[in-house]
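S.K.: The structure's right below; bear with me while I get my questions together.
The values are calculated or read from the model by the stated rules, or taken from the named source; none is laboratory data. Computed from a predicted structure; not experimentally measured. Methodologically, a virtual Cβ is constructed for each residue, glycine included, from the backbone with ideal geometry; neighbour enumeration extends over all protein chains shown. What goes into the accessible areas is simple: the full protein's heavy atoms, side chains included, and nothing from ligands, DNA or RNA. Shrake-Rupley method; radii C 1.70, N 1.55, O 1.52, S 1.80 Å.
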Amino acid sequence: MSNVRPISSPQTQSDDRAHEADHPSSLLAKFGMDQPLKLDCGIDLAPFQIAYQTYGELNADRSNAILVCHALTGDQHVNNTHPVTGKPGWWDTMVGAGKPIDPEKYFIICSNVIGGCMGSTGPASLNPATGKVWGLDFPIITIPDMVRAQAMLIDRLGIATLFCVVGGSMGGMQVLQWTAAYPDRVFSTLAIACSTRHSAQNIAFHELGRQAVMADPDWRGGRYVDEDTHPHRGLAVARMAAHITYLSDAALHRKFGRRMQDRELPTFSFDADFQVESYLRYQGSSFVERFDANSYLYLTRAMDYFDIAGDHDGVLAKAFAGIKTRFCVVSFTSDWLFPTSESRALVHALNASSARVSFAEIETDRGHDAFLLDVPEFLEISRAFLQAAGKARGLNGGGGQS
């Protein structure tokens, strides 16, 4: 008889994450019934809230603000200890003292996206009309919806123009949407490992993940909170499948190869004989500690719907016509989720719009997740771009207080 070890349910962390959905361990901006968020689906969302973190100080003329946009499974805790997992901020290679995005130079803002589960209103939040968790009653949201909510937060903070909007992956999609929707409010952008629309392959991978969640009997049609269950197995499988797309074959071979996990011979069972199996199981089980399953459905769908050209008569260059924003577009050679060809298409559209754009393709075998890792060439390019933009902006020392 073969032994199978199922993915366990981390109940304590799940309880902490559920608390964060409405009562986040971060700053909070609340918008009442008189300030609805107009969604692309035609619904006015009100009331709603945005959870966010800030680092550094806003200078006297409010010209040094950087908005960091998080990726699919990120949140506002970009440079502080995470309140659920206790781990360091998710982008501590890029953000922090002495890093390219330095709080000694810039006022850094990072908000949890609408639809997220770490304090901004989403399917894990309480619906004030019913007193129960929104679940699938929450309206479908889009990347433009996320950016509209962020713009309302930036208004609340009294910032007219952002010095830079920065993000990778889904965060990069938000960066590009900012420039398309609010070109006069963005001085510069750093768009990393992203695209102006999701490919059919990426939509397919997302559908695989969504079906894994919905096939879990504990999903209960999205009502798992009301029924005191959680589809942790389905969400873990979705995370495992997605995580493979964030890596490269070379990185997996270098890190794991076909090496066994704490054994010399196969067990002739369905246990995790290989190191790569054990790694993926860990990625799945640790993910469910901090993320809501319905939020995963909503955010992946938002990425799938994203298509800047589709919103501009099918012509990407129209989205950036006459734009004054300075762009830096970065891709990675081993990223097959958002390959360099998609970054080049964006750069060509920006060139057709006579936009100021620089482009860098970083050679690395670390896959899509390279933007989150210590890749020196990427970090130095980011630092140099921000310093040059800061000089053009009139920030002292290429990014200090005015």
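S.K.: For Ala160, all conditions in the list (1) more than 20 Å from the chain's Cα centre (by Cα); (2) among the aliphatic types (A, V, I, L, M); (3) farther than 18 Å from Ile323 by Cβ hold save one; what is the number of the exception?
M.R.: Condition (3) is where Ala160 drops out.
S.K.: Moving on to the next point. Give segment 346-379 a look and list any residue that's among the hydrophobic types (A, V, I, L, M, F, W, C) and open to solvent by less than 30 Å² (accessible area, probe 1.4 Å), or say none.
M.R.: Result: Leu346, Val347, Ala349, Leu350, Ala355, Ala360, Ile362, Ala370, Phe371, Val375, Phe378, Leu379.
S.K.: Exactly one condition in (1) surrounded by 14 or more Cβ atoms within 10 Å (Cβ to Cβ); (2) in a helix (DSSP H, G or I) is false for Asp335; which is it?
M.R.: Going through the list (1) surrounded by 14 or more Cβ atoms within 10 Å (Cβ to Cβ); (2) in a helix (DSSP H, G or I), Asp335 breaks only (2).
S.K.: Hey, does segment 181-190 have a residue that's charged (D, E, K, R), modelled with pLDDT of 95 or more, more than 25 Å from Arg393 (Cβ to Cβ) and open to solvent by 10 Å² or more (accessible area, probe 1.4 Å)?
M.R.: Checked against the condition, which is being charged (D, E, K, R), modelled with pLDDT of 95 or more, more than 25 Å from Arg393 (Cβ to Cβ) and open to solvent by 10 Å² or more (accessible area, probe 1.4 Å), segment 181-190 yields no hits at all.
S.K.: Hey, Ser295 hits all of (1) open to solvent by 10 Å² or more (accessible area, probe 1.4 Å); (2) polar (S, T, N, Q); (3) in contact (Cβ under 8 Å) with a residue 24 or more places away in the chain but one; which does it fall short on?
M.R.: (1)
S.K.: Separate question: Considering each of Lys318, Lys391 in turn, give the residue that is free of Cβ contacts under 8 Å to residues at least 40 places away in the same chain, surrounded by 16 or more Cβ atoms within 10 Å (Cβ to Cβ) and charged (D, E, K, R).
M.R.: Step by step, each of Lys318, Lys391 is checked, and only Lys318 is free of Cβ contacts under 8 Å to residues at least 40 places away in the same chain, surrounded by 16 or more Cβ atoms within 10 Å (Cβ to Cβ) and charged (D, E, K, R).
So that you can scan it fast, the table gives a plain yes or no per residue for (1) in contact with a helix residue (DSSP H, G or I) (Cβ under 6 Å, 6 or more places away or on another chain); (2) within 28 Å of His206 (Cβ to Cβ):
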{"residue": "Pro100", "(1), (2)": "yes, no"}
{"residue": "Asn112", "(1), (2)": "no, yes"}
{"residue": "Gly135", "(1), (2)": "yes, yes"}
{"residue": "Val147", "(1), (2)": "yes, yes"}
{"residue": "Met152", "(1), (2)": "no, yes"}
{"residue": "Leu157", "(1), (2)": "no, no"}
{"residue": "Thr161", "(1), (2)": "yes, no"}
{"residue": "Ser169", "(1), (2)": "no, yes"}
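Here's the yes/no breakdown for (1) out of contact with any strand residue (DSSP E or B) (no Cβ under 8 Å at 6 or more places or on another chain); (2) aliphatic (A, V, I, L, M):
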{"residue": "Gly222", "(1), (2)": "yes, no"}
{"residue": "Val225", "(1), (2)": "no, yes"}
{"residue": "His230", "(1), (2)": "yes, no"}
{"residue": "Gly234", "(1), (2)": "yes, no"}
{"residue": "Arg239", "(1), (2)": "yes, no"}
{"residue": "Ile244", "(1), (2)": "yes, yes"}
{"residue": "Ser278", "(1), (2)": "yes, no"}
{"residue": "Tyr282", "(1), (2)": "yes, no"}
{"residue": "Phe287", "(1), (2)": "yes, no"}
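S.K.: If you don't mind, there's one more thing I want to ask. Within segment 17-58, track down each residue that is open to solvent by 70 Å² or more (accessible area, probe 1.4 Å) and at pLDDT below 95.
M.R.: If the condition is that a residue be open to solvent by 70 Å² or more (accessible area, probe 1.4 Å) and at pLDDT below 95, then His19 is the only one that fits.
S.K.: Let me ask something else about it. Residues of segment 261-282 being open to solvent by 50 Å² or more (accessible area, probe 1.4 Å) and of a type in the set (A, V, I, L, M, F, W, C), which ones?
M.R.: Once the filter is applied, which keeps residues that are open to solvent by 50 Å² or more (accessible area, probe 1.4 Å) and of a type in the set (A, V, I, L, M, F, W, C), segment 261-282 yields Leu265, Phe268, Phe270, Phe274.
S.K.: Conditions: (1) under 21 Å from Phe287 (Cβ atoms); (2) surrounded by fewer than 17 Cβ atoms within 10 Å (Cβ to Cβ). Gly222 meets all but one. Number of the miss?
M.R.: Here Gly222 meets the rest and fails (2).
Residue by residue, here is whether (1) of a type in the set (D, E, K, R); (2) over 25 Å from Tyr296 (Cβ atoms) holds:
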| residue | (1), (2) |
| --- | --- |
| Thr81 | no, no |
| Lys87 | yes, no |
| Asn112 | no, no |
| Arg148 | yes, no |
| Gln174 | no, no |
| Ala180 | no, yes |
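S.K.: Among the residues that make up segment 150-160, is at least one of them at pLDDT 95 or above, open to solvent by less than 30 Å² (accessible area, probe 1.4 Å) and among the charged types (D, E, K, R)?
M.R.: The answer is no; no qualifying residue exists.
S.K.: While we're looking at this one, here's another question. Within segment 93-107, is there a residue that is part of a helix (DSSP H, G or I), under 18 Å from the mean Cα position of the chain (by Cα) and within 30 Å of Glu380 (Cβ to Cβ)?
M.R.: For segment 93-107, residues part of a helix (DSSP H, G or I), under 18 Å from the mean Cα position of the chain (by Cα) and within 30 Å of Glu380 (Cβ to Cβ): absent.
S.K.: (1) in contact with a helix residue (DSSP H, G or I) (Cβ under 6 Å, 6 or more places away or on another chain); (2) more than 16 Å from Leu190 (Cα to Cα): which one isn't true of Gly390, the others all being true?
M.R.: Going through (1) in contact with a helix residue (DSSP H, G or I) (Cβ under 6 Å, 6 or more places away or on another chain); (2) more than 16 Å from Leu190 (Cα to Cα) one by one, Gly390 breaks only (2).
S.K.: How many residues are open to solvent by 70 Å² or more (accessible area, probe 1.4 Å) and over 27 Å from the mean Cα position of the chain (by Cα) when one looks only at segment 235-260?
M.R.: Of the residues in segment 235-260, 2 are open to solvent by 70 Å² or more (accessible area, probe 1.4 Å) and over 27 Å from the mean Cα position of the chain (by Cα).
S.K.: If you don't mind, there's one more thing I want to ask. Return a yes/no flag: does segment 127-134 have any residue that is surrounded by 19 or more Cβ atoms within 10 Å (Cβ to Cβ), touching a strand residue (DSSP E or B) at 6+ places or on another chain (Cβ under 8 Å), among the aliphatic types (A, V, I, L, M) and farther than 22 Å from Leu395 by Cβ.
M.R.: Among the residues of segment 127-134, at least one is surrounded by 19 or more Cβ atoms within 10 Å (Cβ to Cβ), touching a strand residue (DSSP E or B) at 6+ places or on another chain (Cβ under 8 Å), among the aliphatic types (A, V, I, L, M) and farther than 22 Å from Leu395 by Cβ, which makes the answer yes.
S.K.: Based on what the data block shows, is Thr300 surrounded by fewer than 18 Cβ atoms within 10 Å (Cβ to Cβ) and β-branched (Val, Ile, Thr)?
M.R.: For Thr300, the condition - surrounded by fewer than 18 Cβ atoms within 10 Å (Cβ to Cβ) and β-branched (Val, Ile, Thr) - is not met.
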